[in-house]
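Trainee: Have a look at this one before I ask anything.
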Amino acid sequence: MKKTFRLLSLAVALVTCFSAFAQEMNSLMFRAGTQSPELKDGTVTFRFVAPKARKVGVSASWLGYDSAKIPIKQDEKGVWTATVPQPSPELYTYNIVVDGVTMLDPSNVQVQRDGSRYMNALLIPGDYADLYAECSKPGNVEHVWYYSAENDMMRRMYVYTPAGYDRNNKSVKYPVLYLLHGGGGDEDAWSTLGRTCQILDNLIAQGKAKPMIVVMPNGNPNQHAAQTLGIPVKTDVKKYASGFDNYSSLVADILPYVEKNYPVIKNRKGRAVGGLSMGGGQSFFIAFRNVDVFANVGIFSSGLIGASAIGGAPFDAEQHFPGMYTQPAKYNKFDVIYLACGEQDNRIDGMLDFKKKLTEKGYKGVVWEQYPGAHEWKVWRRNLSAFVQLLFK
């Protein structure tokens, strides 16, 4: 009797389980069958299934994340739909806002993380944005753990290697770009938000950039790795001069690790360092403090150089490196000094002033570029695309 009861209980449980599973799958299938976003005939259509929602909106980057700018309607099946003209070619982000709560579009598997914020991605192809699409000859990205003696901690970095890379082929030596993220970012930022791997894959395949290794470390001295790993930050780290002059670990720890474990060119002609915002300030200190180590530097939208426009102290390169303007021969050894900023970024005046002073003092290799945009990734992806085409010629 007890055995029969147990069997009956098990049968009921299984039926209940399968019923619940079927309901869940039906819900998922319904959502999976909803195409969003859809690119068609010069328009973008968003769809979101929420029969009981009172208000739904689409918050898109090209409209300043103002959901009121995209009209949306609900049909009799509870599907909210919005169709708008396609913006110009670019990689955009957006969120769905449901009754005041921001969430991801469940029908779009393309997701990006910016610090603690998650957004859906939307690639509008064409023009320079084609560099952000997947290439038929892709390279690889390794998530590498290394020991940092500077703060006695294991840390993680991403390392891009180009198509055809063979670690065991010692006859081929690659140049290296050390690429630094901005404030609030981590080692994941440049590969996801910045589309570094796709940009390099496409430019190398087109013969516009040299095959190179790109090292994307975590520029926050107290972090072992991105916060998504759930590892607590280290509280007893070395004291640094500033939030920009805080990354001596790149030369002390990372460069030796890379040159020991990868077939790379081990001289300054084969090394470059660059970064955006905070990473641009870090690149300034790393490069000019180590002119015998790096022959190329890229500084994008630096919060150090453009500090006066955002409430910081006016930038004085001579104060940081005595002789930069009064004895330029001491530092005028770079093949490329790439400086760039968004035209609507309030850091641009400081960046332009720095470029003007370097040019007046006869610095070689100075390249200036500016693009439409503010302090944002659409500018920095174009900076990276331009910068890598200048390197290692």
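Trainee: Could you tell me which of the residues 287, 307, 317 is aliphatic (A, V, I, L, M) and more than 26 Å from residue 377 (Cβ to Cβ)?
Mentor: Going through 287, 307, 317 in turn, just one is aliphatic (A, V, I, L, M) and more than 26 Å from residue 377 (Cβ to Cβ): 317.
Yes/no per residue for (1) under 23 Å from residue 388 (Cβ atoms); (2) outside the structural domain of residue 250 (by TED's automatic domain parsing); (3) surrounded by fewer than 16 Cβ atoms within 10 Å (Cβ to Cβ):
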position: 290; (1), (2), (3): yes, no, no
position: 308; (1), (2), (3): no, no, yes
position: 321; (1), (2), (3): no, no, no
position: 336; (1), (2), (3): yes, no, no
position: 350; (1), (2), (3): no, no, no
position: 367; (1), (2), (3): yes, no, yes
position: 373; (1), (2), (3): yes, no, no
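Trainee: Here's something else I'd like to know. Between 313, 317, 329, 386, which is among the small types (Gly, Ala, Ser) and modelled with pLDDT under 95?
Mentor: Only one candidate qualifies: 313.
Trainee: With the checklist (1) surrounded by 22 or more Cβ atoms within 10 Å (Cβ to Cβ); (2) closer than 28 Å to residue 347 by Cα in hand, flag the one item residue 223 doesn't pass.
Mentor: Result: residue 223 passes all but (1).
Trainee: For the list (1) surrounded by 17 or more Cβ atoms within 10 Å (Cβ to Cβ); (2) of a type outside the set (Val, Ile, Thr); (3) over 14 Å from residue 36 (Cα atoms), I need the number of the one condition that residue 85 fails.
Mentor: (1)
Trainee: Is there a residue being among the basic types (Lys, Arg) and farther than 21 Å from residue 147 by Cβ anywhere in the range 257-264?
Mentor: No, because not a single residue in the range 257-264 is among the basic types (Lys, Arg) and farther than 21 Å from residue 147 by Cβ.
Trainee: Let me ask something additional. Could you please let me know if residue 291 is outside any loop (DSSP other than H, G, I, E, B), under 27 Å from residue 265 (Cβ atoms) and of a type in the set (Val, Ile, Thr)?
Mentor: no
Trainee: Looking at residue 360, is it over 20 Å from residue 277 (Cα atoms), of a type in the set (Asp, Glu) and surrounded by fewer than 21 Cβ atoms within 10 Å (Cβ to Cβ)?
Mentor: Yes; evaluated as a whole, the condition is true for this residue.
Trainee: Also, I was wondering about something else. Give the residue that is surrounded by the most Cβ atoms within 10 Å (Cβ to Cβ), with candidates limited to residues of the range 88-121 that are in contact (Cβ under 8 Å) with a residue 60 or more places away in the chain and more than 15 Å from the chain's Cα centre (by Cα).
Mentor: 105
Trainee: Mind telling me which of the residues 283, 308 ends up being farther than 30 Å from residue 142 by Cβ, in a helix (DSSP H, G or I) and among the polar types (S, T, N, Q)?
Mentor: One residue alone meets the criteria, 308.
Trainee: Being assigned to a loop (DSSP other than H, G, I, E, B), more than 18 Å from residue 186 (Cβ to Cβ), more than 19 Å from the chain's Cα centre (by Cα) and not polar (S, T, N, Q) is the requirement here; does residue 234 meet it?
Mentor: Judged against the criteria, residue 234 is not a match.
Here's the yes/no breakdown for (1) modelled with pLDDT of 95 or more; (2) of a type outside the set (Phe, Trp, Tyr); (3) not in a loop (DSSP other than H, G, I, E, B):
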site	(1), (2), (3)
88	yes, yes, no
96	yes, yes, yes
105	yes, yes, no
108	yes, yes, no
119	yes, yes, yes
135	yes, yes, no
141	yes, yes, yes
168	no, yes, no
190	yes, no, yes
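The values are calculated or read from the model by the stated rules, or taken from the named source; none is laboratory data. Just so it is clear, the structure is predicted and the values come from calculations on it, not from any experiment. Note that we place each Cβ from the backbone using ideal geometry, even for glycine, and neighbour counts take in every protein chain shown.
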